[in-house]
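What follows draws every value from the coordinates through simple rules; no lab data is involved. The structure displayed is predicted, hence computed values, not measured ones. Neighbour counts are summed over all protein chains in view; Cβ atoms, including those assigned to glycine, are modelled from backbone coordinates with ideal geometry.
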Amino acid sequence: MTARLAADAAGIAEAAAFLRAGERVAFPTETVYGLGGDATNASAVAAIFAAKGRPRFNPLIAHYASAEAAFADVIATPLAKSLAAAFWPGPLTLVLPRRAQSPVADLVSAGLPTLALRVPAHPLAQALLAAVARPIAAPSANRSGRISPTSAAHVLAELGGRIAAVIDGGDCRVGVESTVLDLTGTLTGARPRLLRPGGISLEALAPLTGALDLAPLAGDQQPLSPGMLRSHYAPTLPLRLHARDVAGDEALLAFGPPLPGAALVFQLSAAGNTEEAASRLYAGLRALDAEGGRLGLSGIAAMAIPETGLGRAVNDRLARAAVRDGGVDVD
Ligand code: AMP
Ligand code: MG
């Protein structure tokens with residue numbers, strides 16, 4: 001049984017007690033719901049991988065109450081500190097070299113010499129981190145390869161019975177995962193590398209970071225950021241991108257004035273706003289997948305979305321959701 005905890009002091013206290021006892025608790029962040037466990041407890045971290053069915057080579061983000069607490073576990077650069085000052089608490093994750101004395105379990109890093117850090121902005125996440133007084137390792141609270149949850153109901157649909165509790169904080173404001181920036185190369189003069197577009201746009205980062213390295217990872221070595229593997233965030237119905245027309249037996253994921261003729265429509269943003277589209281993306285995919293499946297539709301057609309603002313993150317998730325190669329499921 002998974003307890004549904006209220007978004008109040010008693011709920012936070014109960015969630016913190018579960019986490020300190022090595023249990024798993026899902027909690028809202030401003031991006032998506034996280035599947036939290038005590039990052040300093042190796043068996044709690046192992047159980048996060050097990051609950052999701054997540055491959056052990058895909059590292060987790062460690063969440064902290066403050067930049068000061070986060071940077072105690074890594075070698076922080078001046079750029080890391082200025083990014084933290086500008087965007088934390090918020091939807092930005094920084095990857096930096098681990099310090100040997102960090103109490104975070106090695107499994108969080110999946111054997112890499114680096115650690116991914118974030119200070120989330122959601123008041124419930126902040127209250128929970130303060131109450132636990134330890135870093136919380138938390139991937140998105142979905143089964144591996146499935147759509148990330150942006151409500152407590154989504155979490156229960158994915159992981160009900162597999163985790164101790166979920167704190168019900170309503171819908172997530174940003175709706176897509178954090179932007180992940182790898183700063184390790186900057187210690188030796190390389191550019192910061194974008195590992196995942198997300199809730200902070202590249203336009204917002206640019207004044208601090210300058211040009212980013214956007215190159216995809218080469219080769220077949222252990223992925224530095226396995227979230228970059230292609231098959232990800234997948235609905236059950238086939239997804240078709242950049243649709244210019246729609247068939248009568250298709251569902252439509254609309255952005256702006258909808259294409260005519262769809263059997264079913266979910267509007268991401270009537271006004272064509274990329275932030276609104278990001279906040280509604282996962283709920284929209286879930287709704288079209290469920291209702292389209294009931295109606296026996298052949299697939300989902302998604303209208304084009306610009307690569308500006310949060311559009312880059314939305315397009316990244318849609319591209320992964322459209323991959324149906326039966327490849328490695330991550331996350
Ligand atoms: P999730 O928390 O499920 O949204 O996924 C976390 C993302 O951060 C995944 O894409 C991971 O591969 C990536 N990540 C976490 N830790 C590291 C790290 N140490 N180095 C590179 N990428 C990381
Ligand atoms: Mg995830």
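In bins 20 Å wide, starting from 0, what share of all Cα pairs of the chain does each bin hold, as a percent?
Per 20 Å bin, starting at zero, the Cα-Cα P(r) for the chain comes out as 33, 58, 8, 0 percent.
Just to be sure I understand: if I project the alpha-carbon convex hull of region 1-152 onto a plane and average over all orientations, what area do I get in nm²?
Approximately 8.3 nm², given one-decimal rounding.
For region 261-270, take each phi angle, set θ = phi - 60°, evaluate the Karplus expression 6.51 cos²θ - 1.76 cosθ + 1.60, and give the result in whole Hz per residue in order, putting x for glycine and proline.
For region 261-270, the Karplus curve yields x, 6, 6, 7, 10, 10, 8, 6, 6, 4 Hz.
For the chain, take the longest principal axis of its alpha carbons; what is the angle in degrees between that and the long axis of helix 42-52, to the nearest 10 within 0 to 90?
It is inclined by approximately 0 degrees.
P(r) for region 128-221, please, calculated from all Cα pair distances in 5 Å bins and given in %.
So the P(r) values, bin by bin, are 2, 10, 15, 17, 16, 14, 12, 9, 3, 0.
Relative to the compact globular guide of 2.2 N^0.38 Å, what is the alpha carbon radius of gyration of region 161-201, as a ratio?
Scaled against compact globular proteins, the figure is 1.78.
Dividing the alpha-carbon radius of gyration of region 45-98 by 2.2 N^0.38 Å (N being the number of residues), what value is obtained?
After normalising by residue count via 2.2 N^0.38 Å, the value is 1.31.
Under 13 Å from a point placed 7 Å out from the Cα of A42 along the Cα-to-Cβ direction: which residues of region 105-147 have their backbone N that close?
Under cut-off, by backbone N: 105-111.
How much mean residue ellipticity at 222 nm does the chain get from its helices, if each DSSP H run of length 4 or more adds -39500 (n - 2.57) and you divide by all residues, to the nearest 500 deg cm²/dmol?
-9000 deg cm²/dmol
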